[in-house]
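Note sheet for the following structure.
The values are calculated or read from the model by the stated rules, or taken from the named source; none is laboratory data. Please read all numbers here as calculations on a predicted model, not as lab measurements. For neighbour counting, all protein chains shown are included, and Cβ atoms are generated from backbone atoms with ideal geometry for every residue, glycine included.
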Amino acid sequence: MKHLLIALLLATPVAAQSFDPIAYGQRFCQLKQLGVDDAAARKAAMNYAYKPDAPASRRNADITTAANYIVDRNCHK
């Protein structure tokens, strides 16, 4: 889990703002099922889920929620 949190934090510079964690998790899982590698799946999911109007103060909670979504659905392997 810790590895996923760090990976999500470093996924793209966009992660410095905030994102929709469920949309991120859904897109990441979709892409992984299609065989997309981790780095490309993270980048595409972050671009998809980025919310410029979301408060940056939610970042840590959003990262945790996204990581939990991915782990619960076993998309990280």
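Answer yes or no as to whether residue 52 is over 19 Å from residue 72 (Cα atoms), of a type outside the set (Ser, Thr, Tyr), more than 12 Å from the chain's Cα centre (by Cα) and at pLDDT below 60.
The answer is no for residue 52.
With the condition kept exactly as written, say whether any residue in segment 2-20 is of a type outside the set (D, E, K, R) and at pLDDT 90 or above.
no
Which residues, taken from segment 31-56, are free of Cβ contacts under 8 Å to residues at least 12 places away in the same chain and either under 16 Å from residue 19 (Cβ atoms) or touching a Gly at 6+ places or on another chain (Cβ under 7 Å) (or both)?
Of everything in segment 31-56, just one residue is free of Cβ contacts under 8 Å to residues at least 12 places away in the same chain and either under 16 Å from residue 19 (Cβ atoms) or touching a Gly at 6+ places or on another chain (Cβ under 7 Å) (or both), namely 53.
Could you run through segment 39-70 and say how many residues are part of a helix (DSSP H, G or I) and surrounded by 14 or more Cβ atoms within 10 Å (Cβ to Cβ)?
Adding up the residues that qualify gives 20.
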